[in-house]
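K.L.:
Next up is a structure, given as C-alpha cells.
The values are calculated or read from the model by the stated rules, or taken from the named source; none is laboratory data. Because the structure is predicted, anything quoted here is derived from the model rather than measured. Here Cβ is always computed from backbone atoms with ideal geometry, including for glycine, and neighbour counts include all displayed protein chains.
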Amino acid sequence: MTELQAVLSSIVGKKHVICDPAELLVYESDGLTIHRATPRAVVFVTSTLEVSRVVACLHEHNIPFVARGAGTGLSGGAVPLSQAVIIEMSKMRRILDINYVDRTAVVETGLVNIELSRAIESSGLFYAPDPSSQTVCTIGGNIAENAGGPHCLKYGPTVNHVLALKVVLPNGQIVELSGTEHFGYDLAGLFVGSEGTLGIATEATLRLTPLPEAIRTLLADFPTTTAASQAVSTIISSGILPAALEMMDFVTINAVEDSVYAAGLPRDAAAVLIIELDGEQAEVTEQAEAVTAICRSKGSREVKLAVTPQERAKVWAGRKGAFGAMGRIRPNLMVQDAVIPRSRLPEVLDEIYRIAERYQLCISNVFHAGDGNLHPNISYDGRDADEVKRVKQACEEIMRLCVNQGGSITGEHGVGMDKLDYLPLIFTEDDLHVMACIRTCFNPQGLANPGKTIPMLRCKAY
C-alpha cells in the first residue's frame with residue numbers, strides 16, 4: 001500500500017479507495033471517450049466532512065483532484081489530467097429535506113437527477129432540468145456543467161434552479177454559497193457551470209416547480225430538415241413558447257427505431273419535431289391547434305398527438321435514448337454541442353452534412369431546436385487512427401461554422417478539455433484573463449480539475 005493510499009484509507013476506509021491499475025481503467029474517461037487519462041486513485045466519499053478531509057489531504061500533498069458523479073459528461077470534464085485523484089460522489093445521494101410550502105429541496109449532489117422528481121411527484125411538484133441522461137446523471141454533474149435538457153427551453157437550465165450550495169474549496173474548507181435571493185454577489189450562480197475548477201459542491205438547495213395542469217406532446221414529421229427548421233422558427237416567432245421543441249434527423253430516427261428505444265417514429269422522414277406544450281388546459285389546447293397548423297403550413301406530412309401518458313413516455317424514451325441508440329451505427333460516438341440562432345438552422349444543418357461528406361463521416365443530428373442548441377453526433381471507430389483524425393478536423397469545422405453564424409461553442413455540455421482550443425473564437429485575451437483570475441481566487445494552486453474550462457497560466461496575479 002502506498003503512502004497516499006494509506007492516508008486516504010484512514011479517512012474513508014480501505015474498501016473505498018481504488019488504486020489497482022485494472023480497476024482504474026473504468027474511470028479514465030467520461031461519456032466523451034475520445035479523451036482519456038488514468039487517475040492516480042479513486043476515492044469514494046459519503047459525506048461533506050469526508051470530502052473536506054480528502055481534499056485537505058490532497059491539498060497538503062499538492063495532488064490534483066477531480067470530482068466525478070456518474071461520468072456521463074460529454075466534454076471530457078471528468079477526465080483526470082495530471083494524474084489527478086478522482087473523488088467519486090455517487091454514494092452521496094440522499095434527499096436531505098423537502099419543503100413543500102417553499103417548494104425547495106436540499107439534496108446531496110451524488111443524487112441521480114430523476115430521483116428527485118420521482119420523490120416529489122405525488123405532491124404535484126417536479127425538478128425541471130432534464131438532461132437526456134436524466135436517469136443516470138447526478139445533480140452535482142448538472143451543477144458543474146450548468147446542464148440543460150429538452151424542457152429547459154421554457155424552464156431554463158440548472159443555474160435557474162439552484163438557490164444555494166454547500167461547497168468544499170480546493171484547500172478543504174467548507175463554505176455556504178447563496179444565490180440572488182440574498183444581498184451581495186451571486187456566488188452560487190458563479191459556481192454553477194464552473195466545471196469543478198472552483199471546488200466541489202456536496203449539497204444543493206434546489207427550486208421545485210409545480211406540475212402543469214395539462215400537457216400536450218406532438219410529433220410532426222417532415223420531408224426535409226429545412227422544412228422542420230423553418231417550422232421551429234415560425235413556432236417561436238408566433239409567440240408560443242413550448243416546454244420542449246426537439247429535432248431528430250433521418251439517421252437518428254432509424255438508429256432509435258432499430259434499438260430498444262423504438263418509439264414508432266416514421267422511418268422515411270427526413271426529420272421529426274417533438275413539440276411539448278404545458279400550462280392551463282384551455283391555453284394548451286389552443287396552442288396545440290396553432291402549432292399543428294404551423295407544422296402543416298411548413299410541409300409536415302403528419303402531426304400526431306400523444307393521447308395517453310404511455311404514448312408520451314414512449315416518444316420521450318425514443319428521444320432521450322437516441323445517444324445510446326447511436327452505438328448501433330459505429331463503436332464510438334463524438335457528441336458535439338454548439339448554439340446558433342434559430343433562424344440559421346437550415347443553412348447550418350446543410351453545411352454540417354456537407355462537412356460529413358467531405359470527411360467521409362457519418363453525422364446525425366438530434367438536438368434542442370427551440371433554443372438553437374445543436375448536437376451533431378459523429379459515429380466512428382476509435383481504433384481507426386485516420387478516422388479519429390478526420391473526426392477531430394470535422395469537429396473544428398463545425399465549431400467555426402457555428403461561431404461564424406453568430407453562435408457559441410457550447411450550450412450545455414461545457415468546455416471541459418474538449419473545447420479549450422476553441423475559446424479564442426468567442427473570448428478575447430482580456431475575457432480569459434478575468435475568468436482565470438476568478439479561478440485563481442478559489443483555486444490558487446490549480447489543484448481542482450486542472451486543464452479544464454479555461455487555459456491555465458493566464459492569470460499571473462489577482
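K.L.:
May I ask you to verify whether Asp371 is among the acidic types (Asp, Glu), over 23 Å from the mean Cα position of the chain (by Cα) and outside the structural domain of Met248 (by TED's automatic domain parsing)? Don't jump to the end; show me each part of the working.
P.N.:
On the way: among the acidic types (Asp, Glu): yes; over 23 Å from the mean Cα position of the chain (by Cα): no; outside the structural domain of Met248 (by TED's automatic domain parsing): yes.
Criteria not met by Asp371.
K.L.:
Across the range 73-93, what is the total count of residues that are buried (at least 23 other Cβ atoms within 10 Å of the Cβ) and either assigned to a loop (DSSP other than H, G, I, E, B) or of a type in the set (Ser, Thr, Tyr) (or both)?
P.N.:
Count: 11.
K.L.:
Further question: In the range 228-248, how many residues are closer than 23 Å to Pro210 by Cα, hydrophobic (A, V, I, L, M, F, W, C) and out of contact with any Cys (no Cβ under 9 Å at 6 or more places or on another chain)?
P.N.:
Result for the range 228-248: 4.
K.L.:
Also, I was wondering about something else. Can you name every one of the strands (runs of 3 or more DSSP E) wholly within the range 216-335 that holds 1 or more residues which are surrounded by fewer than 24 Cβ atoms within 10 Å (Cβ to Cβ) and over 26 Å from the mean Cα position of the chain (by Cα)?
P.N.:
302-305
K.L.:
Of all residues in the range 49-72 being of a type in the set (A, V, I, L, M) and surrounded by 19 or more Cβ atoms within 10 Å (Cβ to Cβ), which is farthest from Pro444 (Cα to Cα)?
P.N.:
Step one: list which residues in the range 49-72 are of a type in the set (A, V, I, L, M), which gives 49, 51, 54-56, 58, 63, 66-67, 70.
Filter once more, so that each one left must be surrounded by 19 or more Cβ atoms within 10 Å (Cβ to Cβ): 51, 54-55, 58, 66-67, 70.
Numbers: Val51: 19, Val54: 18, Val55: 14, Leu58: 14, Val66: 15, Ala67: 18, Ala70: 27 Å.
Looking at the filtered set, the residue picked out is Ala70.
K.L.:
From the list Lys389, Lys419, exactly one residue is among the charged types (D, E, K, R), farther than 29 Å from Ala244 by Cα and outside the structural domain of Ser229 (by TED's automatic domain parsing). Which is it?
P.N.:
Lys389
K.L.:
So which residues in the range 1-32 are out of contact with any Leu (no Cβ under 8 Å at 6 or more places or on another chain) and either acidic (Asp, Glu) or under 30 Å from Glu387 (Cα atoms) (or both), if there are any at all?
P.N.:
Of everything in the range 1-32, those that are out of contact with any Leu (no Cβ under 8 Å at 6 or more places or on another chain) and either acidic (Asp, Glu) or under 30 Å from Glu387 (Cα atoms) (or both) turn out to be Glu3, Asp20, Pro21, Ala22, Glu23, Leu24, Leu25, Val26, Tyr27, Glu28, Ser29.
K.L.:
What is the one condition in (1) out of contact with any His (no Cβ under 8 Å at 6 or more places or on another chain); (2) under 19 Å from Tyr100 (Cα atoms) that Leu169 does not satisfy?
P.N.:
(2)
K.L.:
Can you tell me which condition Leu425 does not meet? The list is (1) touching a Leu at 6+ places or on another chain (Cβ under 9 Å); (2) farther than 25 Å from Arg68 by Cα; (3) free of Cβ contacts under 8 Å to residues at least 40 places away in the same chain, and all the others hold.
P.N.:
That leaves (1) as the condition not met.
K.L.:
Continuing with this model, one more query. If a residue must be over 16 Å from Ala271 (Cβ atoms) and touching a residue at least 60 places away in the same chain (Cβ under 8 Å), how many such residues does the range 298-310 contain? I'd like the intermediate steps shown before the answer.
P.N.:
If we filter the range 298-310 for residues that are over 16 Å from Ala271 (Cβ atoms), which is where we start, we get 305-310.
From what is left, the residues that are touching a residue at least 60 places away in the same chain (Cβ under 8 Å) are 305-306.
Count: 2.
K.L.:
Right, another one. Kindly check whether there is at least one residue in the range 172-189 that is without any contact (Cβ under 8 Å) to a residue 40 or more places away in the chain, in a helix (DSSP H, G or I) and closer than 11 Å to Ala128 by Cβ.
P.N.:
So far as the range 172-189 goes, no, none of its residues is without any contact (Cβ under 8 Å) to a residue 40 or more places away in the chain, in a helix (DSSP H, G or I) and closer than 11 Å to Ala128 by Cβ.
K.L.:
Output the number of residues of the range 111-146 satisfying the condition of being surrounded by fewer than 24 Cβ atoms within 10 Å (Cβ to Cβ) and assigned to a strand (DSSP E or B).
P.N.:
Qualifying residue count, the range 111-146: 3.
K.L.:
Follow-up question, since we're still on this one. Looking at the range 346-400 only, could you name the residues that are of a type in the set (A, V, I, L, M), more than 23 Å from Leu423 (Cα to Cα) and part of a strand (DSSP E or B)?
P.N.:
Scanning the range 346-400 gives Ile363, Val366.
K.L.:
Sort out which residues of the range 350-385 are touching a Lys or Arg at 6+ places or on another chain (Cβ under 8 Å) and at negative phi, and write them in order of number.
P.N.:
Tyr359, Leu361, Cys362, Val366, Ala369, Gly370, Asp371, Ser379, Tyr380, Asp381
K.L.:
Considering the range 1-38 alone, what residues qualify as being in contact with a strand residue (DSSP E or B) (Cβ under 8 Å, 6 or more places away or on another chain), closer than 30 Å to Asp381 by Cβ and either of a type in the set (Val, Ile, Thr) or exposed (fewer than 15 other Cβ atoms within 10 Å of the Cβ) (or both)?
P.N.:
Of everything in the range 1-38, those that are in contact with a strand residue (DSSP E or B) (Cβ under 8 Å, 6 or more places away or on another chain), closer than 30 Å to Asp381 by Cβ and either of a type in the set (Val, Ile, Thr) or exposed (fewer than 15 other Cβ atoms within 10 Å of the Cβ) (or both) turn out to be Ile18, Glu23, Thr33, Ile34.
K.L.:
Another one. All but one of (1) in contact with an Asp or Glu (Cβ under 9 Å, 6 or more places away or on another chain); (2) among the β-branched types (Val, Ile, Thr); (3) under 28 Å from Glu145 (Cα atoms) hold for Val303, so report the exception by its number.
P.N.:
The number of the failed condition is (3).
K.L.:
Which condition does Glu108 not pass, out of (1) touching a strand residue (DSSP E or B) at 6+ places or on another chain (Cβ under 8 Å); (2) under 23 Å from Lys419 (Cα atoms), if it passes all the others?
P.N.:
Only one criterion in (1) touching a strand residue (DSSP E or B) at 6+ places or on another chain (Cβ under 8 Å); (2) under 23 Å from Lys419 (Cα atoms) is unmet by Glu108, namely (2).
K.L.:
Return only the number of the condition from (1) without any contact (Cβ under 8 Å) to a residue 40 or more places away in the chain; (2) touching a His at 6+ places or on another chain (Cβ under 9 Å) that Asp278 does not satisfy.
P.N.:
(1)
K.L.:
Here's another thing I want to ask about it. Looking for something in contact with a His (Cβ under 6 Å, 6 or more places away or on another chain), buried (at least 18 other Cβ atoms within 10 Å of the Cβ), in contact (Cβ under 8 Å) with a residue 40 or more places away in the chain and not assigned by TED's automatic domain parsing to the domain that holds Thr72 - is there at least one such residue anywhere in the range 345-365?
P.N.:
No, there is no match, as no residue in the range 345-365 is in contact with a His (Cβ under 6 Å, 6 or more places away or on another chain), buried (at least 18 other Cβ atoms within 10 Å of the Cβ), in contact (Cβ under 8 Å) with a residue 40 or more places away in the chain and not assigned by TED's automatic domain parsing to the domain that holds Thr72.
K.L.:
Which of the residues spanning the range 16-34 are in contact (Cβ under 8 Å) with a residue 12 or more places away in the chain and assigned to a loop (DSSP other than H, G, I, E, B)?
P.N.:
Cys19, Glu28, Ser29, Asp30, Gly31, Leu32, Thr33, Ile34
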